[in-house]
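K.L.:
Structure below; questions to follow.
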Amino acid sequence: MRQTTITAAEVRGHAEQMLARGEHPTARAMRAALGRGSMDTILRFLNEWSEVRERQKLSPVTLPEEIERGIQSYLVEQVSRETAGLRLALDASRRDNSDLLAESADLLARFEMREQEIQRLQDHLSKSDGQLSLIRQELSEWQLRALTAAEEAAALRAKVKDAEALSAKVAELQSNLESERTSRMAAEVIELRRRLARPKQRSASS
């Protein structure tokens, strides 16, 4: 008669074999490997095996005293060595940090000096802009004055030209008047001479 029941030992044995082959034990795979048994029974035995196996992993392993002393000595030596290395690294890091802080302080001082210099330049530039604005304003005023002076000079030249033309006319008029007066005086002299000459002619004829 074929056996249909399974035992916990069979499940544990097949589970260990599956783990050795790198397979993950499951109730379905176990049922296929055994060829019998209910899934509930296989799953219950498989869970019990898993719990026992987990407890074995968590249970402390007791080693011989000599081996434990060797391990402790090795660990102390490793810890001392690592501690010494860490201390050296910490000292080097502190020196690097000190140098970095000094360099940062120097850079900060230079930066502040640059800021002050930039501020002075900005103040000087603002002052220069103000002076340039005043100079431009004065230049505009002088240009306006020069334009006004040029207009006044042009008007004055026109007046001078008109005065010269008027002076020329006056001179011409004076010359004409002088010529006319001279002509009149000459005519009057001739007329006077004629008049003076008539009595003499009358005396000579009588």
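K.L.:
Could you please let me know if Arg53 is of a type in the set (Lys, Arg) and either modelled with pLDDT under 80 or in contact with a helix residue (DSSP H, G or I) (Cβ under 9 Å, 6 or more places away or on another chain) (or both)? Talk me through it step by step, then tell me what you get.
P.N.:
On the way: of a type in the set (Lys, Arg): yes; either modelled with pLDDT under 80 or in contact with a helix residue (DSSP H, G or I) (Cβ under 9 Å, 6 or more places away or on another chain) (or both): yes.
Taking the combined requirement at face value, the residue satisfies it.
K.L.:
Identify, from the list Ser140, Ser93, Ser104, Ser98, the residue that is among the hydroxyl-bearing types (Ser, Thr, Tyr), surrounded by 10 or more Cβ atoms within 10 Å (Cβ to Cβ) and at pLDDT 75 or above.
P.N.:
Details: Ser93 fails: at pLDDT 75 or above; Ser104 fails: at pLDDT 75 or above; Ser98 fails: at pLDDT 75 or above.
Criteria check complete, one pass: Ser140.
The values are calculated or read from the model by the stated rules, or taken from the named source; none is laboratory data. Quantities reported herein were computed from a predicted structural model and do not represent experimental measurements. Methodologically, a virtual Cβ is constructed for each residue, glycine included, from the backbone with ideal geometry; neighbour enumeration extends over all protein chains shown.
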